[in-house]
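What follows is a short report on a single structure.
The values are calculated or read from the model by the stated rules, or taken from the named source; none is laboratory data. Quick caveat, the model's predicted, so the values are computed rather than measured. Virtual Cβ from ideal backbone geometry, glycine too; neighbours counted across all protein chains shown. Side chains are part of the model used for accessible areas, which takes the heavy atoms of the whole protein and leaves out ligands, DNA and RNA. Shrake-Rupley method; radii C 1.70, N 1.55, O 1.52, S 1.80 Å.
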Amino acid sequence: LGFTRPSGRAIGLPSYVPSNYFARALFMEIQKAPDDQAVTAVRELVSAVVGDASVSIEEAERSLAVWFDNSMDRLSGAFKRHTQRVSLVVSIVLVVAANVDSIRLAQTLWNDPATQARMEALSRDEMKVCEADSQSPACRQLLGTLASGDVLPIGWNLETIKALDLESASLLLLGLALTVLAASKGAPFWFDILRRFSAGLVS
């Protein structure tokens, strides 16, 4: 299942192991060295999973495959929760470092026609260039311009921070929190939302 050289030497592990392959390989290893101490411990685990010792090899493999799939589902859930925590921490660091205030961004785009026009122009250009090659220098330059302070109100200004009153500071914290929440969800989440929204408009 892994990646191998023409000589047969393995150079990479598989990203996924089918449950029936796992069960079959495990039984084969048990049969190779049934008296080995490590194999004995594994055989006890297999016996606990399979249950009745009189079942056929095929039924035992199916039971072990179901156990494997259930274990992988639990592992995937734990990995997803861990990833969400990491995404939240990374989002907090990036949003606070760049001062990406969702409320301020929305107010600026709503009230400043010039900023709206620049954003629309950049978005159109970005779509054309990045659709051709998302890794091209031109696409990266447009993405950098899109996120720069010359286009959007992003970044910290010490004088502005000093002038904040309690209400403005509360709005700033709320705007940063909203941005953190949005960023921590990740691009696939928002692309899925947009796809469903677009599909609803079309239908």
I'd like the FRET efficiency for I11 and L173, computed as 1/(1 + (r/R0)^6) with the beta carbon distance as r and R0 of 35 Å, rounded to 0.05. 0.10
If I compute solvent accessible area with a 1.4 Å probe over the protein chains, what percent of it on the stretch 1-101 is carbon and sulfur? 61
Area of D73 that stays accessible when all protein chains are in place (1.4 Å probe, Å², to 10): 110
So, in nm, how far is label S47 from label V89 when the simple model puts each one 7 Å beyond its Cα toward the Cβ? 4.3
Label-point gap, in nm, between R81 and T40 - each point 7 angstrom along Cα→Cβ: 3.6
How would the stretch 152-196 be classified by its alpha-carbon gyration tensor: rounded, prolate or oblate, with rounded meaning a/c under 1.5 and the a/b versus b/c comparison settling the rest? prolate
Short version: ³J(HN,Hα) in whole Hz for each residue of the stretch 28-42, in order, from phi by Karplus 6.51 cos²θ - 1.76 cosθ + 1.60 (θ = phi - 60°), x for Gly and Pro, what are they? 5, 5, 5, 6, 5, 9, x, 9, 5, 4, 5, 5, 4, 5, 5
Rolling a 1.4 angstrom probe over the protein chains, ignoring ligands and nucleic acids, what is the accessible area of E58 in square angstrom, nearest 10? 110
Leaving out ligands and nucleic acids, note down the accessible area per residue over the stretch 6-85 with a 1.4 angstrom probe, in whole Å². 76
Determine the order of M28, M72 by accessible area, beginning with the largest, at a probe radius of 1.4 Å. M28, M72
Can you give me the solvent accessible area of W156 with a 1.4 Å probe, rounded to the nearest 10 Å²? 120
Across the stretch 167-173, in residue order, what do the Karplus-derived ³J(HN,Hα) couplings come to in whole Hz, using 6.51 cos²θ - 1.76 cosθ + 1.60 with θ = phi - 60° and x for Gly and Pro? 5, 5, 5, 5, 5, 4, 4
